[in-house]
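Down below is the structure, laid out as structure tokens.
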Amino acid sequence: MVPEIESEVLEVRGERYLQSNESMFTFYKRTKGEFSPYFLALKERKVILGAKCPKCKLVRVPPFVLFCPECDFEPIELVEMPDTGVMNSTPPVTYFAHSLFEHQVPFGRGRVLLDGADTALPIHVYTTKGVLTPRIFRRGTRVKVIFRENRVGKPTDIFAVPIAEIPREKQNVRGLQESALDWESPVEPELPTPDVEAKKIYHSTLLQLKKMASLVAQSERAQKDLAGWKRRINVKTSGGCFTLLIDDGKLDVQEGEVKGPDFIMVAKHPAIFSDWMSFRDSLTNAIIAERLWISLNREFTTVFKLDRLPRSIKRTGQ
Amino acid sequence: MREVAIIGTGITPCKGRWIERTYYGLAQMAVKAAVGDAKISIKDVDAVAYGIYNDIFELSAIPEHPLQGIIGMANKPGMRITSGGATGSYTMMTAYTWVASGLYDIVLALGVEKATDCFDFQSRTSTPEVIKTIGWSGDTFFERELGWTASDSYAEVVLAYMDEHPGDLKDEVSAKIAEILCEQVQNNPYAQRYGEKVTAEMAMNSRYIVYPLKLLETCVYTEGAGAVIFASADKARAICKNAGHPIIWVTGVGAANEASVAGRDERHKIMHRILSDHLAAKAAYKMAGIRDPLKQIQVIELHDAFIKQLQITMAEMGFVPLGHADDLIDKGLMAPGGPILVNPSGGLTYGGHFVGGSNMFSCWSACRELTNRNMERALVHGTGSTVAQYGVVMILERGS
């Protein structure tokens, strides 16, 4: 997207400089060439193929070679692979993505050594247990490859889930699709019984939150952060519960819970929210550190919007 | 092979954005500075190797072609090198090789990058578009569509190292290194973060770019240019005598590119290693006759894309054992007064990272330290591509 204004003048130390809006892009009809059998097998048969060298028996997944470079370019054979394996190493989890991937966050990009494979398959990793954090997948975590409902012959047609999250009767089903898994009822982390100190912080945090909601009403920038967004969020903390209501640019905070929220947040301590409002920490960092949990991975987008609010309010005041 | 020396270096100031210059102008500024340092004319230079990493940054598929004439190299050989983050190092290696082979006597290595012209109109900032642009560097069939970025690919290596060596790469240690680099950058007026104050506590509390890499422990995006001039021994002696500065000999060069696909053994990428750095250093040490790098090298200019990667690279290059990278701080090796000076320029984290020329920036700093502090030997390192696939090491020695 290039705005209509084609150029502008910037001034640096009294000198004027011209700057113009430009772009660089190319469209493709790109062949998958020798990788076609692999991507077609994902798309049409829900099968993962590997490339086996008949001489050294090395199995490469995905099948990224036509010939084995270790065996004087011996032609490889395509073989069907199991859809289970282990994480080759702890995968990174992306929370801040650029414009092409921002709708997917948070996502993990890992590598799975399928059973019998010698190379690791690059793959997205997800959990059915709420928001994705860096500690869910580790080196050696046993996983199963799951197939998307709508497959187009791309690496995103599949993703891996810890096999421990899959019901036992489904663990051996080949070509298991995402609809066969329960994504909507993760188990909430347990909170300790509220003590006097936590209750005290809860009440002061609630007051701060209500003040923040009123500041959002005065900040055009903060309203923009929440524009076009509607969410009812039950927030449970070790000091008590409250509800965050986002309604197209407005924020409201109420004590207690509402029925049928869009998603649930569980905070180990109510101070997470006062730290967020006073720039000491972000909600994203709290999620990464597993001090804050949300019930639906896709609702990280809401967290990302909330994380912008303190800064937007501060900038309004400047 | 002939002996080769560095006779002149020059860089531009490192800036997050150069509104006042295009990459043409930045290239001219660096070349002018380098020939000025050597006190020679550009007419004395026989050939040029260009380091420009990414076509999209420069909005051109042959970004070096306009530079040939405007840097005074018309009608002479010129070749562009692009090798990800290691572009600058591979460019200098090419210039070195042209001289060592006897093909040319004086060769210019010029690195330049104009990254933050890229702009994300949605967020009204450059950074997301710069990340997106670099994102076109990942494997395009199996990985890019999974959201590959430079940061998450280096995070993969760091996380795998932490799998293998739990307890190493403590956050407190990498934060302390950030503080040291920020202190050192105050001696480099060309640096992007010159004048900034970052403490270990600030680094510790900075947000994650991608776990476990934090903002203040991550290289900056920079626009700038750097130039290094290589010459044969006889030319170098005469030129350096005339210029009145010591000859900096290139006594070792090594490079290695690993496979990009991860696997069970060294035929593929071993994710918890940066074998490229290990093999590059090993080859450079052999060539330079270095048996104990900790005792024989005093200055290290290391390509610190991320501080935890700096620590792993230091281990891979033999300054600390693998699994004990925290010794860099815990045993005071790179602390002020320690036996090694690591990134006196501030490194790429605090000095600047204009990708095609960052390693020239490192080389400029290494030469400056050898000359000004009268030190004997320096190491210049470059890393690049997905999962730290590429590694290049150059050993420099101060002559008379």
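What Kirkwood hydrodynamic radius do you get for region B:125-254 when you take the inverse of the mean 1/r over all pairs of distinct Cα atoms, in Å?
Averaging 1/r across every pair of different Cα atoms and inverting gives 18.5 Å.
Determine, for each peptide in A:197-210, B:384-397, the mean count of other beta carbons within 10 angstrom over its residues, then list the peptides with the highest first.
Highest-to-lowest ranking by the protection proxy: B:384-397, A:197-210.
Out of region B:166-206, which trypsin sites (Lys or Arg not before Pro) are coil in DSSP terms and have no more than 12 other C-beta atoms within 10 Å?
When the trypsin sites (Lys or Arg not before Pro) of region B:166-206 are filtered for loop state and at most 12 Cβ neighbours within 10 Å, B:Lys197 remain.
Determine the relative contact order of chain B: mean sequence separation of Cα pairs under 8 Å and six or more apart, normalised by residue count, in whole percent.
Once divided by the residue count of chain B, the mean separation gives 26 percent.
Which value in nm describes the separation of the simple spin-label points at A:Phe67 and B:Trp136, placed 7 Å from the Cα toward the beta carbon?
3.1
Which whole-number percent gives the relative contact order of region A:196-317, counting Cα pairs below 8 Å spaced six or more residues apart?
26
Multiply the residue separation of B:Gln296 and B:Ser60 by 0.36 nm, subtract the distance between their alpha-carbon atoms, and state the gained length in nm to one decimal.
Once the chain is fully extended between B:Gln296 and B:Ser60, it gains 80.6 nm.
Taking the alpha-carbon distance from A:Lys236 and a cut-off under 12 Å, which aspartates and glutamates remain once sequence neighbours fewer than 8 residues away in the same chain are dropped?
Correct list for A:Lys236: A:Glu188, A:Glu190, A:Glu255, A:Glu257.
Between B:Glu172 and B:Asn75, what FRET efficiency follows from the Cβ-Cβ distance if R0 is 60 Å, with the result rounded to 0.05?
0.60
Once you average over the residues of B:158-164, how many Cβ atoms of partner chains fall within 10 Å of each Cβ?
Whole-number average of other-chain Cβ neighbours for B:158-164 is 5.
Per-residue mean of other chain beta-carbon atoms within 10 angstrom of the beta-carbon, peptide B:254-264?
4
List the pairs from A:Lys52/B:Lys286; A:Lys32/A:Lys144; A:Lys305/B:Lys132; B:Lys43/B:Lys286; A:Lys32/B:Lys214; A:Lys259/A:Lys305 whose alpha-carbon separation is above 32 Å, in the order I gave them.
A:Lys52/B:Lys286; B:Lys43/B:Lys286; A:Lys32/B:Lys214
Along the charge dipole of the protein assembly as shown, pointing to its positive end and built from +1/-1 on Cβ of Lys, Arg, Asp and Glu, which listed residue (B:Ile247, B:Thr140, B:Leu213) has its Cα farthest out?
Positive-most Cα among the choices belongs to B:Leu213.
Assign one of three labels to region A:102-189, namely rounded, prolate or oblate, based on the Cα gyration tensor with a ≥ b ≥ c the square roots of its eigenvalues; rounded applies when a/c is under 1.5, prolate when it is not and a/b is larger than b/c, and oblate otherwise.
Rounded.
Arranged from highest to lowest average of other beta-carbon atoms within 10 Å per residue, in what order do the peptides A:69-80, B:76-87 appear?
Answer by packing, highest mean first, reads B:76-87, A:69-80.
Mind giving me the nanometre distance, one decimal, between the label points for A:Thr156 and B:Glu196, set 7 Å out from Cα along Cα→Cβ?
Computed distance between label sites A:Thr156 and B:Glu196 equals 3.2 nm.
For region A:33-180, with the dipole built from +1 on Lys and Arg beta-carbon atoms and -1 on Asp and Glu ones, taken about the Cα centre, which of A:Phe107, A:Pro37, A:Phe64 lies farthest toward the positive end?
With unit charges placed on the Cβ atoms, the residue in question is A:Phe107.
I need A:Cys56, B:Cys219, A:Cys68, B:Cys14 ordered by Cβ neighbour count within 10 Å, fewest first.
In increasing order of surrounding Cβ atoms, one gets A:Cys56, A:Cys68, B:Cys219, B:Cys14.
Please sort B:376-383, A:189-196 by packing, taking for each peptide the average over its residues of neighbouring beta carbons within 10 angstrom, highest first.
B:376-383, A:189-196
What is region A:163-261's relative contact order, in percent, from Cα pairs under 8 angstrom and six or more apart in sequence?
For region A:163-261, the relative contact order is 23 percent.
Over the protein assembly as shown, one equal point on each Cα, no solvent: what is log10 I(q)/I(0) by the Debye formula at q = 0.06, 0.09, 0.12 Å⁻¹?
At q = 0.06, 0.09, 0.12 Å⁻¹ the computed log10 ratios are -0.39, -0.87, -1.39.
In nm, give the distance between the simple-model label positions of A:Lys211 and A:Ser185, each being 7 Å from the Cα along the Cα-to-Cβ direction.
4.2
How charged is the neighbourhood of A:Phe35? Take every other residue with its Cβ under 14 Å from the Cβ of A:Phe35, and add Lys/Arg as +1 and Asp/Glu as -1.
+1
Okay, helix-only estimate at 222 nm for chain A: each DSSP H run of n ≥ 4 adds -39500 (n - 2.57), divide by all residues, round to 500 deg cm²/dmol; what do you get?
-6000 deg cm²/dmol
Can you tell me the length gained on complete extension of the stretch A:Arg308 to A:Thr193, counting 0.36 nm per residue apart and subtracting the Cα distance?
Roughly 38.3 nm would be gained on extension.
Let's test the formula: R0 of 56 Å, r as the Cβ-Cβ distance of A:Glu44 and B:Lys241. What FRET efficiency results, to the nearest 0.05?
Calculated transfer efficiency: 0.15.
How many partner chain Cβ atoms sit within 10 Å of a residue's Cβ in peptide B:127-136, on average, as a whole number?
Mean shielding by partner chains, rounded to a whole number: 3.
Which length gain, in nm to one decimal place, applies between A:Cys56 and A:Leu296 when the Cα-Cα distance is subtracted from 0.36 nm times their residue separation?
Extra length from A:Cys56 to A:Leu296 when fully extended: 81.9 nm.
The numbers here are math on the coordinates, done by the rules we state, and not lab data. Just so it is clear, the structure is predicted and the values come from calculations on it, not from any experiment. All Cβ positions, even for glycine, are placed from backbone atoms using ideal geometry, and neighbour counts span all protein chains on display.
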